[in-house]
């Protein structure tokens, strides 16, 4: 037994210490990516990682950017802030990247801001919280692609108001995404004539007993439940609510097939605000995002399976696309690009400026108009309200 | 809140607590026999849940068979864990063995995530109708009676008990401590997996689900000082009820978000009360 | 339990270590590892405290993250919200955390039994919830941004290069203080009686009081480490201060070895270098390989890396001498 184990130890150590071969020093545009692939946000980090890997292949297949191949270096942060900081440093110091995509979560994004700011490398975060880019003055090097929670709250509240509902119960995840939602839900309610009659938060990873929460909601006289969180909490709450007759409204955190799978029959009739990805085929042809969305969806699902493409993949797509566009803008031909690659710091600074200048870019999250005052670049109207009917998302046009 | 609702919530708390108790019993059994706090206990819970789902939904077995096989599979993993990782480390101190269980837990979690995906799986159907909580309480009771019979009636159970009371004396009368350790790991894995299997209709099985359920089981076992099975069950049930009641009662500032704080405070109070009474008795005698 | 390193050998080793540590962050040497080394230093401080605590009480603490988090949050809140001088904030944080540890350590160590694990676990869980929920102070789940850097006079620790020296200054100070405790009268006496508490009490040592002191000290170390973390990242949020951090510290302590306070460096370095350097090449398999390595290391080096390395060195010296004698 010990003999067998010692062989294993030797094998693992050899694999760990032998340097990676094929570490090409040839000319590439290096872009870093930090995603939580194995930690608590792995359901978000995994599609983010997959989409950038897919895009790397696509771009290089088409001859790279102006004839220079790109290299996307993806590291798994395991959802840890400290790992994220040292990996960001590694990307900047050792790998020599010109821009960073990610991280997946708000906490990690805020933690690396100081690092990218000092190193003067642009970063396009895939996390939702508005504190990442507001105020821009905290760091001019940081951008983000997901829609902010505030926009989603406005969309769903105005829909609820139109239904003639006045008393709502809110259920929010205690983690970052839900807590951001809780704040905006509380602040905005009165603007839409809504009264919050029950206000509860739950721990997404550990709650299995939902009955006491549901009893409270039933007794509060709420006419609807608004739940802010990511899987599996909202799905389990929708399931537990099934049979009480109280309608369930969600957030853009449940914008994936997983929600429908986990909630089962209880998913029917669930209404939530979301970016246009889920209803891409229902958009009018005049919508500038339609073509982008359908293209990404078909490419991604051809590679990773039917129904796998979701808005999180979209956030990373938008981020990498912006970097690509900025690079093309800085160096419109191969000669300039080769020249720029010689001075990485200056190149990174120019990329930052060009990201800030992006205007009218129809991405998956909306039409982005970046500016020195707005490093998110999205405005109201980039989100729609959808309803789940027969396991499909249906756009509820007003 | 109407009395019926109150009773319903109490039952849900007791049932949730029974799951914690099952997981906790796994900690207790391994600890009494080997003095190891098994940090991989939560992974057995996860395996019970994930395997139940896979066997039922992906393989298509009937529910009872899927649950049974899932528990068996997790038991095998427990036994293999002992044979491959704990047994070879013969000269290791207890604390090193604890770290081995931490490593093993990371390994098992990683493998499951890599093979069967890192996203949540749909819950299983309820065992019957809409009374999963009663099923959980019933199954837990059956398991506890079986455990009691095992420890008091069977040769192996008695040997385990002897081993946990005094290992040296047990080996003097011919009980092989190592095969007892093996049995304790398998038994603990089975108990954890049962906990995972019965809760799966109410939650979404997932490669990280063992982290929190394992922690709750740890708390239950710690209330019994890792030695007392009765203490573990009491600890688990109190924890389950406390969690439910904090939400139900919703005292002003103690909103639902403070659920864990209240539950932990209740347990710490129980603990201090019990041990200070123990100390008082010690002083009196 | 805690062994002593012999005089001459130890000074030489310390001098070599110091020299090595000083030249590491320079660009021409291992400059790219500066940030990882800062984290190793910070984690070593937490681990040393735990080594002492586990060594002298024989019990596991699963709540070091709570003290680490208290240090970080005290520093963050006092400097960012109340405009304290960062050094003063650090001192207040350490005192408050130490006092807090004393208040809870006092009852814990008067009880007989393995209650440290549950009590510290409970403390860890409660603190994690408080960091998250007391959002008027802590900023809630998204935390506090823009924490100022530490500075002396006009010299600001605003780059990783500068912070590296700051962190390792603290780290070495903590290690030396700990070494002195191991060598103190009480420390030696406790080792001499080999953990037998009744024997120690019979020679007039107040075991409970000594344990409480070690517990408080471990909390203060963790608090200082937390303050350094806050001024290094310039941001705090609840997630680095949860249960998983406490478990990681236990792993670091045992992997390094409880036999010596210096083992803490090895433990912290191994875990950090594994997760931030070596395992990267395994992509998504990183956690699987990490688990495997942890199991294998403990099977083959059950007393930790420090002892394993020392024994290997002594074996090598022995064979070397024998060969010398033969020739």
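The values are calculated or read from the model by the stated rules, or taken from the named source; none is laboratory data. Quick caveat, the model's predicted, so the values are computed rather than measured. Reconstructed Cβ throughout: ideal geometry from the backbone, glycine too, with neighbour counts over all protein chains shown.
Here are the numbers for this structure:
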read-out	value
Candidate set: segment B:87-104, residues that are assigned to a helix (DSSP H, G or I) and more than 7 Å from chain C (Cβ to nearest Cβ); chosen: the one farthest from residue B:34 (Cα to Cα)	B:101
Subset tally (residues that are more than 19 Å from residue A:119 (Cβ to Cβ), surrounded by fewer than 21 Cβ atoms within 10 Å (Cβ to Cβ) and at the interface with chain A (Cβ under 9 Å from one of its Cβ atoms)) for segment C:134-175	1
Number of the condition not met by residue A:270 [criteria: (1) within 21 Å of residue A:317 (Cβ to Cβ); (2) in contact (Cβ under 8 Å) with a residue 40 or more places away in the chain]	(1)
Unique match (being in contact (Cβ under 8 Å) with a residue 12 or more places away in the chain and surrounded by 24 or more Cβ atoms within 10 Å (Cβ to Cβ)) among B:14, B:19	B:19
Qualifying residue in segment B:178-190 (condition: crowded, with 19+ Cβ neighbours inside 10 Å and modelled with pLDDT under 90)	no
Counted residues, segment A:361-398 - those being over 20 Å from residue A:132 (Cβ atoms) and in contact with a strand residue (DSSP E or B) (Cβ under 6 Å, 6 or more places away or on another chain)	8
Checking residue B:53 against (1) within 14 Å of chain C (Cβ to nearest Cβ); (2) crowded, with 16+ Cβ neighbours inside 10 Å, the condition it does not meet	(1)
Residues of segment A:147-159 classified as buried (at least 24 other Cβ atoms within 10 Å of the Cβ) and assigned to a loop (DSSP other than H, G, I, E, B), total	1
Qualifying helices (runs of 4 or more DSSP H) (wholly inside segment A:160-277; at least 2 residues being more than 8 Å from chain B (Cβ to nearest Cβ) and in contact with a helix residue (DSSP H, G or I) (Cβ under 6 Å, 6 or more places away or on another chain))	A:176-188, A:233-241, A:257-263
Condition met for residue B:48 (within 12 Å of chain C (Cβ to nearest Cβ), assigned to a helix (DSSP H, G or I) and in contact (Cβ under 8 Å) with a residue 24 or more places away in the chain)	no
Hits in segment C:268-312 (condition: facing another protein chain (nearest Cβ under 7 Å), modelled with pLDDT under 90 and within 19 Å of the chain's Cα centre (by Cα))	C:275, C:276
Total residues in segment C:19-33, condition more than 18 Å from the chain's Cα centre (by Cα) and part of a helix (DSSP H, G or I)	7
Residue among B:127, B:107, B:151 that is within 14 Å of another protein chain (Cβ to nearest Cβ) and either over 30 Å from residue A:239 (Cβ atoms) or touching a helix residue (DSSP H, G or I) at 6+ places or on another chain (Cβ under 7 Å) (or both)	B:107
From B:121, B:144, B:156, residue being under 30 Å from residue A:256 (Cβ atoms), surrounded by 14 or more Cβ atoms within 10 Å (Cβ to Cβ) and touching a residue at least 12 places away in the same chain (Cβ under 8 Å)	B:121
Qualifying residue in segment C:170-188 (condition: out of contact with any strand residue (DSSP E or B) (no Cβ under 6 Å at 6 or more places or on another chain) and not in a helix (DSSP H, G or I))	yes
Entirely in segment C:85-167, the helices (runs of 4 or more DSSP H) that have 3 or more residues that are under 21 Å from the mean Cα position of the chain (by Cα)	C:86-110, C:115-133
Residue match in segment B:56-73 (condition: farther than 11 Å from residue B:197 by Cβ, within 14 Å of chain A (Cβ to nearest Cβ) and surrounded by fewer than 20 Cβ atoms within 10 Å (Cβ to Cβ))	yes
Every residue from segment C:242-265 that is more than 12 Å from the chain's Cα centre (by Cα) and more than 10 Å from chain B (Cβ to nearest Cβ)	C:242, C:259, C:260
Wholly within segment A:1-118, helices (runs of 4 or more DSSP H) carrying at least 1 residues that are at pLDDT below 90 and within 14 Å of chain B (Cβ to nearest Cβ)	A:2-17, A:42-61
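Residue-wise test of (1) assigned to a helix (DSSP H, G or I); (2) more than 14 Å from chain C (Cβ to nearest Cβ).
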{"site": "B:112", "(1), (2)": "yes, no"}
{"site": "B:122", "(1), (2)": "no, yes"}
{"site": "B:143", "(1), (2)": "yes, yes"}
{"site": "B:146", "(1), (2)": "yes, yes"}
